[in-house]
Protein chains: 2
Amino acid sequence: MQMAAGARPISEVGEFGLIEGISHILDSSRVRSSGVVLGVGDDTALWQPRPGRQVAITVDTLVEVVHFRHDWIDAESLGHRALAVNLSDLAAMGARPRVAVVSLGLRGNESDRWVYDLYRGMVALGQRWHTRVIGGDIVSAPAAATISVTAHGETRPGRILRRDQAQPQDIVAVTGPLGLAAAGVRILSAGTLRVDGAPAMLRAHRAPSPRVLHGLLLAAAGVRSAIDLSDGLLGDLPKLCAASNLSAQIEEDALPVPRSVRWGFADWQELALRGGEDFELLFCASPETFERVQQFFRRFRLAPPIAIGTLSRPKDDVPKLTMRCTDQRRIELETGAYDHFKPRDAPR
Amino acid sequence: MQMAAGARPISEVGEFGLIEGISHILDSSRVRSSGVVLGVGDDTALWQPRPGRQVAITVDTLVEVVHFRHDWIDAESLGHRALAVNLSDLAAMGARPRVAVVSLGLRGNESDRWVYDLYRGMVALGQRWHTRVIGGDIVSAPAAATISVTAHGETRPGRILRRDQAQPQDIVAVTGPLGLAAAGVRILSAGTLRVDGAPAMLRAHRAPSPRVLHGLLLAAAGVRSAIDLSDGLLGDLPKLCAASNLSAQIEEDALPVPRSVRWGFADWQELALRGGEDFELLFCASPETFERVQQFFRRFRLAPPIAIGTLSRPKDDVPKLTMRCTDQRRIELETGAYDHFKPRDAPR
């Protein structure tokens, strides 16, 4: 790794120097407190959830080479991303993000600046959603850097977006475009930027926007089933269908694939359906509830949700995923999420 | 890694097969619920803390080669250890452990059996302290396996063991022997078992007992300041002294170093003072409170706490750590915790 001017190797700063620097960044951030009793500096952090709330807990880990490469992503974006993938899980439960702890494994050749920028990226995203980093640990991981974030949100009992609560005849909808993040990865692995719309694709990969407000509005509008699209539509929709024991039919024409992705990549459908890491929410709602969601989104000036299909009771009790193509043919889709131990496309 | 009979490589079982197997282990464990609303299987886990309680949150990560080696520790002990180091942090706050989430990074050459045994080790320890593993993720980490556990406990406001609440004239005490775990590491790195008491030393290293009940009793007895001994007495006591702005004087004669450690290792004092990972609690209490702690420990049939020194206001406002040696000399101790980026002794 290159050392920027003014940056020092962490082998010189040391673990405790780093912790001091990080504490300073966390303390000086202006994130509103959200019940934080005790932050960094003791054996544990302390947080007081609001009365009657349930705590949604999620953890996601990014591993060097597997999930990120230093030459593909800067430290601030990486910090943003590490928190964003967790906030996306909270959003998919309809939870309000509150506090996070971070476990950082460092190779030892990083600079202090890199570590601080990583935290700055997390703090900046946290600020947007009133989420504070209140603790963590730093360990040596000489073989590959890792960033593991555990995020905590609050939910109201009964107002939760679960995978197993979808109903027959529900509309299947998504909160935004599909395929941009995968296109970003493709651009980086090909090493070319000569694709129209490349900046948006790279941004979608490097610094995804967790759909926190969308999740809260869905829950408030009466939606009870959702999942976030981290493994791609054909990875995640089947999980929801299996949990709810329902089949889904998708309309090819309805898929919100940006023109830049369609024009830039011959296999754009693969990127949109299986690419993954779009971190949009997929949700299921009755037509009346969907109508209310549209109203809520409009009121908050969010882009409208996109209906992409419907759910139905499965024949023979085996949930299936079919797609009606542009030429009106109906095809059965081969489902399957990315399996970390049967890799396809690195890094992701 | 060797494959045991009946075990399958995880590249064959796949991520989702593994998750299914792990869910089965977690579901079939008889851990009492402690407010768990939703376990593994959705975007997040859901947990309802009891009314008015604060949530203590801590995360600790073990990295292959740095913190463990497959030929030094079996999977079940490793699972125990990964949870134990976190429960120890909760104990050091006086918190009651409740739920944990686990992020597992696997090289890909592990067997499914190894992964399941790891979880069995966690579940077995969790059962002892009514702590449930309610979620997590599994990622590929081809360069080195990692286990990151985030544990959550409940505390009552005001009944917390903090580092910055020690008082002048407090007695400094520990809950158990020092140096056993470091002796265990020494035995493993030397590859010899010809030390009296080796089994206890190896057990102390592989499967430390978090002092959860001790922590709860300390808090109930009125103690307000403690820390767990993960970095060794000379690593952790200075942190507490710095946070409370106090000096400490230790009595060499009072140090609870087992005879097996004294007799087995010429540098036994180094092991006891700097070895670390004993995971005993170090606490500070007025003589009256210390008396009450002794009563509480007796009532619960715990070994009595061991007073090892006293605290005082620092001269010139600079906290110092001194030791009165057996020959009555007073020496100033060189403090300092293990720094992950300036390593001394691997693995730990």
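Residues within the reach of a label modelled at A:ARG324 (point 7 angstrom out along Cα to beta-carbon, backbone nitrogen below 11 Å), restricted to the stretch A:230-255, are A:249-254. Rounded to the nearest 20 debye, the dipole magnitude of the stretch B:1-99 is 640 debye, with +1 charges on Lys and Arg beta carbons, -1 on Asp and Glu beta carbons, and the Cα centre as origin. Rounded to the nearest 100, the interface formed by chains B and A buries 5200 square angstrom of accessible surface, both chains summed, with a 1.4 Å probe. Of all DSSP beta bridges confined to the protein assembly as shown, the antiparallel ones make up roughly 75%.
Basic side chains Lys and Arg get +1 at the Cβ, acidic Asp and Glu get -1 at the Cβ, and with that the dipole of the stretch A:272-325 about its Cα centre reaches some 180 debye. Axis angle, to the nearest 10 degrees, between helix B:112-128 and the longest C-alpha principal axis of chain B: 50 degrees.
Considering only A:ALA182, B:THR58, A:TRP72, the residue lying farthest towards the positive end of the dipole of the protein assembly as shown is B:THR58, judged by Cα position with unit charges set on Cβ. Averaged over peptide A:142-154, the number of partner chain Cβ atoms lying within 10 Å of each residue's Cβ comes to 6.
Note that the stretch B:19-148 carries a Kirkwood radius of 15.0 Å, evaluated over its alpha carbons pair by pair.
Restricting attention to the protein assembly as shown, the count of lysine pairs at 8 or more positions apart or across chains with alpha carbons under 25 Å apart stands at 8. Label-point distances for B:PRO199 to the equivalent site in the other copies, using a point 7 angstrom along Cα→C-beta, read 6.9 nm when ranked shortest first.
Computed per residue of chain B from DSSP H runs no shorter than four, each worth -39500 (n - 2.57), the mean residue ellipticity at 222 nm is -11000 deg cm²/dmol.
Using the Stokes-Einstein relation with a Kirkwood hydrodynamic radius computed over Cα pairs, the translational diffusion coefficient of the protein assembly as shown at 20 °C and a viscosity of 1.002 mPa s comes to 81 µm²/s. Short-range pairs are left out: with C-alpha atoms under 8 Å and at least six residues apart, the relative contact order of chain A is 21 percent. Placing dummy labels 7 Å off each Cα toward the beta-carbon, the span from A:GLU20 to A:ASN109 is 2.7 nm. Rounded to 0.05, the FRET efficiency of the B:GLU291 and B:ARG203 pair, given R0 = 41 Å and the Cβ-Cβ distance, is 0.85. Remark: mean inter-chain Cβ contacts per residue of B:155-163 equal 3, using a 10 Å Cβ-Cβ cutoff to other protein chain atoms.
The packing ranking of peptides A:85-98, B:188-201, highest mean first, is A:85-98, B:188-201, where packing means the average number of other beta carbon atoms within 10 angstrom of each residue. Among the residues of A:60-69, the average count of other protein chain beta-carbon atoms within 10 Å of the residue beta-carbon is 4. When you count the other C-beta atoms within 10 angstrom of each residue and take the mean per peptide, A:207-215, A:112-120 line up highest first as A:207-215, A:112-120.
In chain A, the longest principal axis of the Cα atoms and the axis of helix A:10-28 are about 60 degrees apart.
In nanometres and ascending order, the distances from the A:ARG313 label point to those of the other copies are 8.0 (point 7 Å from Cα along Cα→Cβ).
Between identical copies, the spacing of A:ILE19 label points, each set 7 Å from Cα toward the C-beta atom, reads 3.4 nm from nearest to farthest. Each residue, B:ALA124 and B:ALA307, gets one label point 7 Å from its Cα in the Cβ direction; the gap between the two is 3.9 nm.
Return the FRET efficiency for the residue pair B:ASN245, A:PHE300: r is the Cβ-Cβ distance, R0 is 51 Å, and the value is rounded to the nearest 0.05. Once rounded, the FRET efficiency stands at 0.55. Inter-label distance, B:GLU270 to B:VAL37: 5.3 nm, where each label sits 7 Å from its Cα along the C-beta direction. Remark: the protein assembly as shown carries a charge dipole of roughly 1820 debye about the Cα centre, counting +1 on each Lys and Arg Cβ and -1 on each Asp and Glu Cβ. At a 1.4 Å probe radius, carbon and sulfur cover how many percent of the accessible area of the stretch B:10-162? Using a 1.4 Å probe with all protein chains present, the stretch B:10-162 comes out at 45 percent carbon and sulfur.
The values are calculated or read from the model by the stated rules, or taken from the named source; none is laboratory data. It should be emphasised that the depicted structure is a prediction, and the values quoted were computed from it without experimental measurement. Note: ideal-geometry Cβ built from the backbone for every residue, glycine included; neighbour counts use all protein chains shown. To get the accessible areas, we keep the full protein, side chains included, count just its heavy atoms, and leave off ligands, DNA and RNA. Shrake-Rupley method; radii C 1.70, N 1.55, O 1.52, S 1.80 Å.
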